Each structure stands twice: as C-alpha cells, then as structure tokens.
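Asker: To start, I am sharing the structure in question, which I have written as structure tokens.
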Amino acid sequence: MPSLAEPERTILVSLWDSRHRSDINQVQELQGLVEAAGGLVIGSVSQRRDNIHQGLGKGALAELVERVAELDATTVVSDIDLSPSMLNHWSHALPNTVRVLDRTQVILDIFAQRARSREGVLQVELAQLRYLLPRVGSYRISERAGGGIGTRGPGETLLEMDRRRIRERIQRISSALIGVAEERKQRRQRRARSSLPLIALVGYTNVGKSTLFNRLTSHTQSTVADALFVTLDPTVRRIEVPGFGPALLSDTVGFVDRLPHTLVNAFHATLDELRDADVLVVVGNGAAPFCEHQLAATQSVLRDVEAAQTPQIVVYNQADRVASNERQATDLWISATTGEGIDDLWQTLSLRLLDWRQAITVFVPWDQKEIWQTVYQSATIVRRLDMEHGSWLAITCSAQHRHHFRAYEPHGVTPPW
C-alpha cells in the first residue's frame with residue numbers, strides 16, 4: 001500500500017473511434033494533466049471502438065483489472081468523460097481501493113489546486129459541483145485513506161452530499177459570482193473610459209504566457225512555473241508599446257484541448273476579458289511537436305467564448321529551442337526567456353494598435369460639457385484650435401468610442417489649419 005506522500009499510481013484508459021486513427025498527442029496530454037495533478041502514470045490500456053461512449057468492452061475491462069492488480073495502481077483515469085452508468089460499472093469492476101476518474105475531473109482538480117483568489121476558488125467549486133451533480137450515487141468513496149487527484153476543492157465531501165444540498169450550494173455560489181462579475185464589469189468599464197487598448201495573452205496552458213507577460217511588463221508579479229494552469233486569475237498591467245504609447249496587458253487562464261464546458265461556464269466572468277480585448281496575442285509553444293494542435297484548440301475555445309473575431313497576433317514561443325532553418329519565415333518567433341524576437345513583437349503590436357486607434361477632427365461647442373468630458377476621458381488630443389463658440393480638435397480614439405464624436409465631425413467644412 002503506497003504511503004500518503006507518494007504520488008497516485010495511475011493507469012490511463014484511452015478510447016478512440018474505430019473510424020479514426022489513435023491520437024498520440026491526446027494520450028500525451030492526458031499524461032501531462034495527470035502529472036500536473038500530482039499523479040504518476042505507470043501504465044495504460046487502450047481500445048478502438050465503434051462507439052467510444054460505450055466505454056471499454058468486456059475484454060478490455062478485464063485487462064484493466066489485471067493491469068491494476070499487476071502494477072498496484074491506485075487510480076484509473078479515462079480520456080473520455082464517464083457517464084454515471086459507465087463510472088458505476090468501472091468502479092464495481094475494480095477494487096475498493098482504486099479511484100476511477102475521467103479527464104474533466106483531473107482538469108478540475110488542477111484548477112482547484114491553482115485557484116488563489118476568492119473568485120477563482122468559487123468558480124472552480126461551481127464547476128466541480130455542476131459536473132458531479134448528475135453523478136452523485138455513481139461514485140464509490142475510496143476505502144484508501146487520504147486525499148488525491150479529484151479530492152481538491154470540495155472533493156470527496158461532495159459524494160456524501162445529497163442532490164438537494166448540492167443544488168443549494170450551486171445557487172449560493174452562482175449568486176456570489178454574479179456580484180463578482182458585476183465588479184469585474186465595472187473594472188472593465190473604468191478601463192474603457194481610460195481610452196487605453198487592452199491586449200490579452202491567450203494560448204494553450206504552459207506555453208510561456210506568464211513568462212512573456214513578465215517580459216513585456218518588466219515585472220515579476222505574475223506567477224511563472226513549468227506547470228499546467230498556473231494562471232487562473234487574470235492579471236492586468238499598464239505597459240508602454242514602443243511607437244504607439246500606453247496600453248493594458250492581460251495574462252489569462254491557459255486553455256487545453258476540449259476544455260470542459262463546466263469550466264467555460266464557471267469561468268465566464270474571467271473569459272469575458274477576452275471579448276473585451278482589442279488585440280489577442282495568441283501564444284503557441286513552437287518547440288512542441290503538436291503546436292498546431294494546441295493553436296487549433298485555442299481557437300476552438302475563443303469561438304466558444306465569442307472572441308474569435310477579435311484581431312489576433314500569433315506568436316511562436318521558445319525560439320531558443322528551435323533552429324532558424326526549421327521555422328516558417330512568415331511566422332513571428334520569439335523567446336520569452338531570452339528576449340529573442342521581442343522587438344519584432346513590439347513592432348507588430350504597435351502597427352496593430354495604430355490601426356485600432358482612429359484619427360478624426362471634430363468641432364466641440366463650449367457649452368457641450370458632456371462631450372468635453374468624453375474627449376478628456378476617451379480620446380487623445382493631438383491638435384487644438386480654440387474659437388469663439390468652441391474648439392477645433394484633432395483627436396485619436398478607439399473604434400468603440402468613435403460614435404461619441406460622429407455628431408461633431410465637420411461635414412463640408414474644412415478645419416482652419
């Protein structure tokens with residue numbers, strides 16, 4: 001019997017559709033998730049099926065039972081989400097000391113370990129509760145003492161709660177998060193009034209976004225580690241973009257392929273930051289063999305949160321680990337660690353933001369106090385000529401603030417400069 005200090009001895013279960021080839025990247029990602037959650041992968045069982053949602057066949061399940069006994073495994077993790085009936089079937093085929101989990105639970109467990117702010121903790125608990133609610137009664141609490149993967153956050157205590165109490169807790173958390181979402185909305189509105197563009201770093205988890213964030217901000221407040229889902233709570237800093245001027249930079253939660261919808265829904269307020277961004281810097285790990293797969297997964301999540309239409313700059317990180325002759329010449333390569341390519345990124349950002357900023361000329365009468373206030377809050381005055389009844393202004397503003405000034409733009413009148 002392993003001690004509590006030892007990692008969970010885990011066997012992976014991989015199922016793939018018989019009409020498609022197996023995806024080695026999918027298995028490698030599941031192993032990375034389990035290791036990030038504190039597990040040790042000691043073996044795997046796989047099967048090709050016409051309908052993967054039927055779970056393992058009789059022979060493959062018997063093989064899994066044998067492998068668990070042979071390797072003294074403590075945990076079994078499925079790459080597909082387990083239905084309540086499948087979970088119940090697997091659990092009763094395996095010893096009482098073995099915990100049966102699926103990929104979504106592992107991701108939820110990692111999020112529970114990483115959450116630090118009150119908002120992050122509530123969002124993770126809400127996702128766990130929503131995911132486990134239909135499965136209450138299907139889980140069998142492990143006889144093995146202590147915690148483990150799937151027990152962080154509310155963890156196994158959820159299994160002892162009835163559905164009514166879980167629904168009540170979901171309602172309380174949802175109400176609390178409505179208040180948090182309102183606070184975040186107010187912060188976004190204050191940022192919008194500052195007339196500064198918002199740049200958001202997005203990408204697959206553990207591709208170096210936080211390292212890049214620190215490089216671009218010249219700060220070290222954002223946590224950096226070689227681990228999945230380190231950043232759960234968006235961090236926003238003011239930066240100075242060479243050739244453009246001040247802007248805001250946000251470091252966001254890392255994505256993963258097939259990000260559970262329970263998490264997308266729970267982290268709705270957090271992911272709203274992406275919809276409000278003016279430019280997305282999509283970061284990929286250029287040294288990873290499945291980089292394009294990661295970028296595709298990122299685009300999938302951006303579509304889920306309705307942010308796919310936001311202007312994007314795609315950068316390939318870890319240029320220091322990839323020979324120059326192995327890179328596409330048209331791609332933007334950087335190294336957040338060494339600083340290689342960062343000047344090129346600054347230049348690209350500057351050009352993109354200059355497109356974002358619109359230059360217009362307006363005539364504002366002196367008695368229009370509200371529009372004068374909008375000028376000072378949401379625009380930058382480039383040139384000014386005061387007249388008897390008002391002032392001619394050459395200003396720059398974002399596209400989202402342009403509508404405030406349309407009524408004051410001259411039509412058929414040439415500015416006197």
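Yes or no, residue by residue, for (1) at pLDDT 65 or above; (2) assigned to a strand (DSSP E or B); (3) among the aliphatic types (A, V, I, L, M); (4) farther than 30 Å from Ala359 by Cβ:
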{"site": "Arg215", "(1), (2), (3), (4)": "yes, no, no, yes"}
{"site": "Gln221", "(1), (2), (3), (4)": "no, no, no, yes"}
{"site": "Phe229", "(1), (2), (3), (4)": "no, no, no, yes"}
{"site": "Leu271", "(1), (2), (3), (4)": "yes, no, yes, yes"}
{"site": "Val281", "(1), (2), (3), (4)": "yes, yes, yes, no"}
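Asker: Could you look through segment 321-373, keep only residues that are small (Gly, Ala, Ser) and out of contact with any Asp or Glu (no Cβ under 9 Å at 6 or more places or on another chain), and pick out the one that is farthest from Val241 (Cα to Cα)?
Answerer: Ala323
Asker: Right, another one. Would you point out the residue of segment 308-328, among those that are touching a strand residue (DSSP E or B) at 6+ places or on another chain (Cβ under 7 Å) and among the aliphatic types (A, V, I, L, M), that is surrounded by the most Cβ atoms within 10 Å (Cβ to Cβ)?
Answerer: Val315
Asker: Show the residue pairs that are 6+ apart or on different chains and have beta-carbon atoms under 7 Å apart, the first residue being within segment 388-417 and within 22 Å of Gln377 (Cα to Cα) and in the same structural domain as Gln373 (by TED's automatic domain parsing), the second being modelled with pLDDT under 95 and exposed (fewer than 10 other Cβ atoms within 10 Å of the Cβ).
Answerer: Between residues of segment 388-417 that are within 22 Å of Gln377 (Cα to Cα) and in the same structural domain as Gln373 (by TED's automatic domain parsing) and residues that are modelled with pLDDT under 95 and exposed (fewer than 10 other Cβ atoms within 10 Å of the Cβ), the close pairs are Trp392/Pro416.
Asker: Could you please give the count of residues in segment 317-360 that are of a type outside the set (A, V, I, L, M) and assigned to a loop (DSSP other than H, G, I, E, B)?
Answerer: 11
Asker: Take segment 43-80 and flag every residue that is surrounded by fewer than 17 Cβ atoms within 10 Å (Cβ to Cβ) and outside any helix (DSSP H, G or I).
Answerer: If the condition is that a residue be surrounded by fewer than 17 Cβ atoms within 10 Å (Cβ to Cβ) and outside any helix (DSSP H, G or I), then Gly43, Ser46, Arg48, Arg49, Asp50, Asn51, Gly57, Asp72 are the ones that fit.
Asker: For segment 366-383, give me each residue that is free of Cβ contacts under 8 Å to residues at least 60 places away in the same chain and either surrounded by 13 or more Cβ atoms within 10 Å (Cβ to Cβ) or touching a helix residue (DSSP H, G or I) at 6+ places or on another chain (Cβ under 6 Å) (or both).
Answerer: Result: Gln368, Ile371, Trp372, Thr374, Val375.
Asker: May I ask you to verify whether Leu33 is in contact with a helix residue (DSSP H, G or I) (Cβ under 7 Å, 6 or more places away or on another chain), part of a strand (DSSP E or B), closer than 24 Å to Ala296 by Cβ and modelled with pLDDT under 90?
Answerer: no
Asker: Sticking with this structure for a sec: Just to check your reading of the model, which residue among Gln318, Gln309, Gln328, Gln299 is on the phi > 0 side of the Ramachandran plot and in the same structural domain as Thr211 (by TED's automatic domain parsing)?
Answerer: Exactly one residue qualifies, and that residue is Gln318.
Asker: Only residues that are among the charged types (D, E, K, R) and on the phi < 0 side of the Ramachandran plot: list them for segment 55-80, please.
Answerer: Lys58, Glu63, Glu66, Arg67, Glu70, Asp79 - these are the residues of segment 55-80 that are among the charged types (D, E, K, R) and on the phi < 0 side of the Ramachandran plot.
The values are calculated or read from the model by the stated rules, or taken from the named source; none is laboratory data. Note that the structure is predicted; figures quoted are calculated from it, not measured. Every residue, glycine as well, gets a Cβ built from its backbone with ideal geometry; the counts of neighbours run over all protein chains shown.
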